[in-house]
1. When residues of the stretch 347-364 are filtered for being part of a helix (DSSP H, G or I) and either of a type in the set (D, E) or modelled with pLDDT under 95 (or both), how many remain?
2. What is the one condition in (1) touching a helix residue (DSSP H, G or I) at 6+ places or on another chain (Cβ under 9 Å); (2) within 30 Å of R36 (Cα to Cα) that I254 does not satisfy?
3. For P241, state whether it is in the same structural domain as R371 (by TED's automatic domain parsing), without any contact (Cβ under 8 Å) to a residue 60 or more places away in the chain, closer than 30 Å to F67 by Cα and assigned to a loop (DSSP other than H, G, I, E, B).
4. Contact list please: Cβ distance under 8 Å, first residue in the stretch 358-380 and assigned by TED's automatic domain parsing to the domain that holds A231 and surrounded by 11 or more Cβ atoms within 10 Å (Cβ to Cβ), second residue assigned to a loop (DSSP other than H, G, I, E, B) and of a type in the set (A, V, I, L, M), pairs at least six apart or on different chains.
5. Looking only at the stretch 1-40, which residues are surrounded by 15 or more Cβ atoms within 10 Å (Cβ to Cβ) and among the aliphatic types (A, V, I, L, M)?
6. Within the stretch 296-327, how many residues are in a strand (DSSP E or B) and surrounded by fewer than 23 Cβ atoms within 10 Å (Cβ to Cβ)?
7. Given the conditions (1) surrounded by 17 or more Cβ atoms within 10 Å (Cβ to Cβ); (2) farther than 30 Å from V330 by Cα; (3) not acidic (D, E), which single one is not true for N65?
8. When you scan the stretch 57-119 for strands (runs of 3 or more DSSP E) that lie fully inside it, which ones turn up with 3 or more residues that are touching an Asp or Glu at 6+ places or on another chain (Cβ under 9 Å)?
Amino acid sequence: MPPTWLDLDESPFSLANLPYGVVRCDRLPGRRVVVRVGQQVLDLGRLAERGLLPGEEWWATGSLNAFMAAGAARWREVRARLRDLLVDESRMDDVATALLPLDETTPVLPFDVADYVDFYASEHHASNVGRLLRPGQEPLLSNWRHLPIGYHGRSGTVVVSGTDVRRPQGQRLPDGATAKDGPEFGPSRKLDFEAEVGWVVGMPSTQGEPVPIDAFAEHVFGVCLVNDWSARDIQSWEYQPLGPFLGKSFATSISPWIVPLDALESARRAVPSTTDGGLLPYLREAQPWGVDLSLEVRLNGSVLSRPPYARMHWSPAQMLAHVTVNGASVRSGDLYASGTVSGPSRGEFGSMIELSDNGSLPVQLDDGSSRTFLEDGDEVSITATAPGPDGCRVGLGEVAGRVLPATGERPD
């Protein structure tokens, strides 16, 4: 990577990364589309106004959607131009006037979410949950290795990192009750997080025409972190026979920085599903699109786990091919998530239901307290990095959220 005139001091937000986001700044009007470099952001609209960057109409929208819809050739053009500007010292004075200190900005949702789909792509997570919820049975259902399992979520409740999440209410079975006894209504007692990775669609597809697996990089703009908050007691009562609904739809948090696919070239790996016999042709990858991401989950500052995304069974390219194989189209701003990222050991589990054995094994925090599920006031933070070129690290930032009491309730 060529040297830059910026002092980035081995930042995970170097020229190898250049993730996109949208922020507000008190001294500038509206929402600003930016790229993060170190502890600063580069205002792309101001660069375009000065003729230093194409696409003035994209950046004026206050959202990434218009730029994402322009297609992969324009994504690469802008990325190359940004690198040139940040390397060319003769442009330093022009570019520096478009830089804003990160701590003077407030991130907002970086794109308008069109559709949201969540998968179940970790064999370790699926096996762990299967053992907990179906004891004595095969933890993986018979179809799991043949297709990426997923469900259609609610795009309207996707929120940016830092947004508080209110504890949901709904139907749940009382402790010790059976389905014959019937449910009660109240706040979830088993509120959980799920450490996930999200993929953001840029280039739309045509309805009726599946996206082939080798066209993944022409349609997907980039990657972010996801916390798919889950009310396990509401979910367990409702999910048969049609799957997750109100136990998931109340909130999904994403990180504010969308890391472009080109920043992940050094992190690409083959996924385990490529060795499965009998994989149908539309799911067979000629080029690997598994990604080596190292996640870290903290609860109130205590490290709970470090889930390894490199162990995910299904790749994002396989997920996109499966989403569209029936002819369903994707739109600019579609978000699809990996499902909980978990590894084989307890220190690699990506949810409280696994870490606490569905509430039977309290998790100890650094302050001496313990948790089986999330309590009001708890703050969950998920961060991640990936290997970059020349030994550097590429940062995905952070997705964080704090739990508020259910409506009408007050914290103790």
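The values are calculated or read from the model by the stated rules, or taken from the named source; none is laboratory data. Being a predicted model, the structure only gives us computed values, none of them experimental. All Cβ positions, even for glycine, are placed from backbone atoms using ideal geometry, and neighbour counts span all protein chains on display.
1. Let us first name the residues in the stretch 347-364 that are part of a helix (DSSP H, G or I), namely 347-348, 352-355.
Subsequent filtering for residues that are either of a type in the set (D, E) or modelled with pLDDT under 95 (or both) retains 348, 354.
So the count comes out to 2.
2. In the conditions (1) touching a helix residue (DSSP H, G or I) at 6+ places or on another chain (Cβ under 9 Å); (2) within 30 Å of R36 (Cα to Cα), I254 misses (1) alone.
3. Working: in the same structural domain as R371 (by TED's automatic domain parsing): yes; without any contact (Cβ under 8 Å) to a residue 60 or more places away in the chain: yes; closer than 30 Å to F67 by Cα: no; assigned to a loop (DSSP other than H, G, I, E, B): yes.
No, not satisfied.
4. Correct list of pairs: R371/L365; T372/L361; V380/L374.
5. Selection gives L6, L8, L15, A16, L18, V22, V23, L28, V33, V34, V35, V37.
6. Within the stretch 296-327, the first condition is being in a strand (DSSP E or B), and the residues that meet it are 296-299, 302-305, 308.
Keeping just the survivors that are surrounded by fewer than 23 Cβ atoms within 10 Å (Cβ to Cβ) gives 296, 298-299, 302-303, 308.
Within the stretch 296-327, residues that are in a strand (DSSP E or B) and surrounded by fewer than 23 Cβ atoms within 10 Å (Cβ to Cβ) number 6.
7. (2)
8. Working: elements: 99-101, 105-108, 116-119.
By residue number, 116-119.
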